[in-house]
Amino acid sequence: MQPLTFTVEQIVWQEVPNETSLAFLFSGCPLRCQGCHSADSWKAGSGTVLTAEYLQGRLKRYRGLIGCVLFMGGEWQPETLVNLLQTVKSAGLKTCLYTGLEREELEAVSDGLIPHLDYLKTGRWNAALGGLDSPFTNQKLVNLHTGEILNRLFWKENPAKKAKPVFEIAAA
């Protein structure tokens with residue numbers, strides 16, 4: 001089993017709606033999307049190896065403060081990622097994977113990842129379409145238990161509200 005190495009570890013509040021998450025950005029992403037904001041993650045092996053023991057220590061440190069662990073990438077080492085997901089689940093926390101793959105591509109790489117996830121963000125970065133905060137993005141964040149697409153929770157303004165009213169009632 002190949003190890004996964006991370007270049008960034010941080011607590012995040014926006015990536016998974018309504019969750020305070022411990023996030024790990026893995027190195028070695030093979031997609032190399034043009035305009036990627038995490039291009040420093042492309043080089044395989046850079047950073048620190050994320051072992052189950054290290055992860056358990058972090059989960060213990062943040063017990064009661066986080067509800068989810070977000071893995072940004074790692075699907076290229078599915079066996080290793082499944083072990084890490086199981087570690088998170090055994091601690092009673094939710095899991096999320098951010099991948100540039102489409103769901104069908106992810107299932108082709110590993111049909112064993114999705115059952116260990118609560119949330120899944122899919123879709124390669126496309127600057128012309130924007131990220132999750134754009135109503136026109138190709139990316140999707142899905143709650144895998146309900147099937148709900150959570151993208152609208154990232155929009156600063158609901159696109160439907162931009163329409164001008166046909167008439168307005170004047171205040172008395």
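The values are calculated or read from the model by the stated rules, or taken from the named source; none is laboratory data. Because the structure is predicted, anything quoted here is derived from the model rather than measured. So basically every Cβ, Gly included, is an ideal-geometry build from the backbone, and we count neighbours across all protein chains shown. All accessible areas refer to the heavy atoms of the entire protein, side chains included, with ligands and DNA or RNA removed. Shrake-Rupley method; radii C 1.70, N 1.55, O 1.52, S 1.80 Å.
General observations
- Among the residues of this structure, Pro115 counts as one that is at pLDDT 90 or above and either farther than 21 Å from Trp13 by Cβ or in contact with a helix residue (DSSP H, G or I) (Cβ under 7 Å, 6 or more places away or on another chain) (or both).
- In the stretch 65-104, the residues that are open to solvent by 10 Å² or more (accessible area, probe 1.4 Å), touching a residue at least 40 places away in the same chain (Cβ under 8 Å) and either in contact with a strand residue (DSSP E or B) (Cβ under 9 Å, 6 or more places away or on another chain) or charged (D, E, K, R) (or both): Leu65, Ile66, Gly67, Met72, Trp76, Gln77, Glu79, Lys94, Tyr98, Gly100, Leu101
- Check on Ala163, among the hydrophobic types (A, V, I, L, M, F, W, C), at pLDDT below 70, over 22 Å from the mean Cα position of the chain (by Cα) and open to solvent by 90 Å² or more (accessible area, probe 1.4 Å): no
- Matching residues, the stretch 51-63, being part of a loop (DSSP other than H, G, I, E, B) and surrounded by 15 or more Cβ atoms within 10 Å (Cβ to Cβ): Thr51, Tyr62
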